[in-house]
Amino acid sequence: SKKFETTNLGAEVTGDLVVTGTITGAGGSFLPLAGGTMTGSTLHGDSVKSIYGTASDLEIYHDGGNSRIDETGTGSLIIKTSSLLVRNPADNSMIDAQSGGQVSLYYDSGIKLSTTNTGVEITGALSTTTNVSVGANATFVDNGKALFGTGGDLEIYHSGTHSFISEQGTGNLNILASTSINLLNGNSSDYMARFNDNGSNQFFYD
């Protein structure tokens, strides 16, 4: 039975190829495998790539400074797993994605952002360098304050009993309106006071 044959491209092996030493490729040559099991390690030098796909779309290699997985075609790089963990050299979690569960982002082994079935949870402060757009309600717990100003000079909050708009700085609390300022009761059915631009100031009873 024929086991080894030379061809115009090189050689063909029928059956198993057992190598106890080193396979060295040069000149951009490839080692195509049409099945079987590879046992042991394969060693690739810097910038020597493992290439996949008819059009060589996927490349895995080390460029001498960084390790790379490159999708060079027009498709996506899809990683399919029930649990995806991205870890640093100390083996601490950096990204933890669970199938059907939360995705967590870490800083120094501590979870800082996690997705939930209702949205996301942030542990610690949220700092932004641009505007924040809120598409629904922003909810604050009792004594949780909306702070404005570099020193938190303006506070808006509910104490659990009363609601407050508090100026904590050295300036004034100014309420600006183009026509009038109205103070109404809780169901907006009665005026308590009304201040009109270039007009009267009115105080109501019942």
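The values are calculated or read from the model by the stated rules, or taken from the named source; none is laboratory data. Computed from a prediction, not measured in an experiment: that's the story for all the values here. We place every Cβ from the backbone using ideal geometry, glycine too, and count neighbours over all the protein chains shown. Each accessible area value is taken on the protein alone, full model and side chains, heavy atoms only, with ligands, DNA and RNA left out. Shrake-Rupley method; radii C 1.70, N 1.55, O 1.52, S 1.80 Å.
Summary table
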{"read-out": "Top-ranked residue of segment 1-58 - restricted to ones that are closer than 30 Å to Ile78 by Cβ and outside any loop (DSSP other than H, G, I, E, B), ranked as modelled with the highest pLDDT", "value": "Leu58"}
{"read-out": "Tabulated pairs, segment 1-21, first under 26 Å from Ser41 (Cα atoms) and among the aromatic types (Phe, Trp, Tyr), second at pLDDT below 90 and not in a loop (DSSP other than H, G, I, E, B), C-beta under 7 angstrom, 6+ apart or interchain", "value": "Phe4/Ala11; Phe4/Val13"}
{"read-out": "Checklist (1) open to solvent by 90 Å² or more (accessible area, probe 1.4 Å); (2) modelled with pLDDT of 90 or more applied to Ser82, failing item", "value": "(1)"}
{"read-out": "The lone exception for Ser127 - which of (1) open to solvent by less than 100 Å² (accessible area, probe 1.4 Å); (2) part of a loop (DSSP other than H, G, I, E, B) it fails", "value": "(1)"}
{"read-out": "Exclusive hit being at negative phi, hydrophobic (A, V, I, L, M, F, W, C) and open to solvent by less than 80 Å² (accessible area, probe 1.4 Å), set Leu154, Leu176, Leu183", "value": "Leu154"}
{"read-out": "Members of segment 89-104 found to be open to solvent by 50 Å² or more (accessible area, probe 1.4 Å) and closer than 22 Å to Ser67 by Cα, listed by number", "value": "Pro89, Ala90, Asp91, Asn92, Met94, Ile95"}
{"read-out": "Conditions (1) open to solvent by 60 Å² or more (accessible area, probe 1.4 Å); (2) assigned to a loop (DSSP other than H, G, I, E, B); number of the one not met by Gly144", "value": "(1)"}
